[in-house]
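**Q** Structure incoming, see below.
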Amino acid sequence: MRLQKPRGTRDFLPDEMERRREIEARMRETVRRFGYREVCTPVFEHLDLFTMKSGEGIIEEMYVFVDKGGRHLTLRPEVTASVVRMFVNEGRNLPKPLRWCYFADCFRYERPQKGRYRQFWQFGIELIGADTAFADAEVVVAADEMLKAAGVTYDLQVGHLAPVKSLIAGLSPDLQRRVMTCLDKRDFGALEESLAGERQGADLVESLTAVAGCRSPDDLFAITGAIPEKDRITEICELLESQKVPYGLNFAIVRGLDYYTGMVFEAFAPNLGAENQILGGGTYRLAHLFGGDDVASCGFAAGFDRIMVSLGEFTTAGRPGAAIVCTPEAGMRGLEVAAAFRAAGIRTETDLMGRSLGAQVTHAAKSADFAVIIGKKECESGLVTLKNLHTGEQRGLALRDAVAEVSGFGDR
RNA sequence: GCCAGGGUGGGGUAGGUGGUUAUCCUAGGGGACUGUGGAUCCCCCGACCCGGGUUCGAAUCUCGGCCCUGGCCCCA
């Protein structure tokens, strides 16, 4: 093959696109019911948008380029930064809270592996301008409902950054970051090493290890004492329990960067291998970075492709289709009949290859549920012969009755 | 950026200690066959990832690259 698609990209044939659209539709419908409305932002943005959010280090992980005007641009590696920029630019005087969702392809220059591609799709929501436990809980509930609707098997973990941050507040920023990385990986050996030289380092390791293992708010506050976020954390847990969200508490979730401020959560699919996180989210404050007010936000982003990989093979329930099968003299009549079927919303194909009647039926059986056979006899009688290609039954019907029968046909 | 295993028609494969026209299945197109042909039979189409090296001769050996699969790192 002379021309290959770029590394880490994929082509999708119609069968797969139907599966993807099916799952996408279920995810969209879930968040629609919560009031989240779709927004769309540019596929490429100024490089600064992402370096301001995530630091210079991400440049080598992005598709960056200079355009003909000398602008430093990049294909978006995620959508949250764009949505917040959009909010700062034109969302400030909309009634709060804002409930927005998006489904967008993103690009990262990374080594492809299972569930990781260079072009991939994210589905996410952002709830902007509400700073309450009810807001935090809504986003988690929406994520849970959405994954349920998609049909994946997943493990949902919810945490909060405050307990760990309160324990390590006395450390240098650099060491704080290292500690959080260790916690994220649950590498307690490395944690101990990092804190070895610190005053009361051993106590700190013990507290952090205990916090990471907490399974209830009560356990947590027994270790950390009454931190300011105590009521918020307790309330979030109560709300999630009252809404029967199947989650695990995990205060070792770190989610990388500084703009995460409070609740954080992640979902994993157990059948995915190394890249098994299918969703991540939390509360954050980003707008002030882009020149806006310091507005509280909460959201999640789901890895659509990983969800599709996790779901594996399945067939979608297609809508019925018809194939017009004609003898040569009935060609014109065939087009009329096709138009009538299409007017009723039925997918209808006609022969374009000049095939024999038999070959047309053969082809129809691969692509349709019904063959509508029209020859000399049908032209004279005004009827059509409707053949059910699943059962082989066929009979002569008035056109209107044939259309009605195909319309009423159930799942394939 | 690193590690392991791979790359033969559209898909799946056989062969490969260097030597005729590269095997089989499937898909696709056509015919037998202008009223049922989703069948059967026949025919056609179509491949050794790319480049250098060794050689009389490379799909096979060798080096480099590209790509695929999985893992490490990273993961906004």
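The values are calculated or read from the model by the stated rules, or taken from the named source; none is laboratory data. Because the structure is predicted, anything quoted here is derived from the model rather than measured. Cβ: placed from backbone, ideal geometry, glycine included. Neighbour counts: every protein chain shown. Accessible surface areas use protein heavy atoms only, side chains included; no ligands, DNA or RNA. Shrake-Rupley method; radii C 1.70, N 1.55, O 1.52, S 1.80 Å.
**Q** Is there a residue being under 17 Å from the mean Cα position of the chain (by Cα), touching a residue at least 40 places away in the same chain (Cβ under 8 Å) and at negative phi anywhere in segment A:43-66?
**A** yes
**Q** Can you name the number of the only condition in (1) part of a strand (DSSP E or B); (2) away from RNA strand B (no atom under 12 Å from the Cβ); (3) open to solvent by 20 Å² or more (accessible area, probe 1.4 Å) that A:T153 fails?
**A** So the condition that A:T153 fails would be (1).
**Q** Please specify each residue of segment A:221-239 satisfying the condition of being in a helix (DSSP H, G or I) and touching a strand residue (DSSP E or B) at 6+ places or on another chain (Cβ under 8 Å).
**A** The answer is A:R232, A:I233, A:I236, A:C237.
**Q** Which of the residues belonging to segment A:364-412 are assigned to a helix (DSSP H, G or I), modelled with pLDDT of 90 or more, near RNA strand B (Cβ under 10 Å from one of its atoms) and closer than 15 Å to A:G321 by Cα?
**A** Once the filter is applied, which keeps residues that are assigned to a helix (DSSP H, G or I), modelled with pLDDT of 90 or more, near RNA strand B (Cβ under 10 Å from one of its atoms) and closer than 15 Å to A:G321 by Cα, segment A:364-412 yields only A:A364.
**Q** Here is a follow-up. Out of (1) outside any helix (DSSP H, G or I); (2) modelled with pLDDT under 95; (3) basic (K, R), what's the single condition that is false for A:K165?
**A** That leaves (1) as the condition not met.
**Q** From the list A:L335, A:L352, A:L289, exactly one residue is open to solvent by 50 Å² or more (accessible area, probe 1.4 Å), closer than 30 Å to A:L94 by Cα and not basic (K, R). Which is it?
**A** Answer to the check: A:L289.
**Q** Run A:V245 past the list (1) assigned to a loop (DSSP other than H, G, I, E, B); (2) within 16 Å of RNA strand B (Cβ to nearest atom); (3) touching a residue at least 60 places away in the same chain (Cβ under 8 Å) and report the number of the one that doesn't hold.
**A** (2)
**Q** Quick one: which helices (runs of 4 or more DSSP H) sit completely within segment A:1-120 and have at least 2 residues that are open to solvent by less than 50 Å² (accessible area, probe 1.4 Å) and over 19 Å from A:S297 (Cβ atoms)?
**A** A:14-32, A:47-54
**Q** Taking segment A:292-312 as the search range and keeping residues that are β-branched (V, I, T) and in contact with a helix residue (DSSP H, G or I) (Cβ under 6 Å, 6 or more places away or on another chain), which one is surrounded by the most Cβ atoms within 10 Å (Cβ to Cβ)? If you could, list the steps in order and put the result at the bottom.
**A** Restricting attention to segment A:292-312, the residues satisfying the condition of being β-branched (V, I, T) are A:295, A:307, A:309.
Right, trim to in contact with a helix residue (DSSP H, G or I) (Cβ under 6 Å, 6 or more places away or on another chain) and you get A:295, A:307.
Numbers: A:V295: 21, A:I307: 27.
For segment A:292-312, the residue satisfying everything is A:I307.
**Q** Just name the residue that is farthest from A:D15 (Cα to Cα) out of those in segment A:355-393 that are without any contact (Cβ under 8 Å) to a residue 12 or more places away in the chain and open to solvent by 50 Å² or more (accessible area, probe 1.4 Å).
**A** Only one residue tops the list, namely A:E380.
**Q** For segment A:268-285, how many residues are more than 10 Å from RNA strand B (Cβ to nearest atom) and either crowded, with 21+ Cβ neighbours inside 10 Å or charged (D, E, K, R) (or both)?
**A** Selection size over segment A:268-285: 5.
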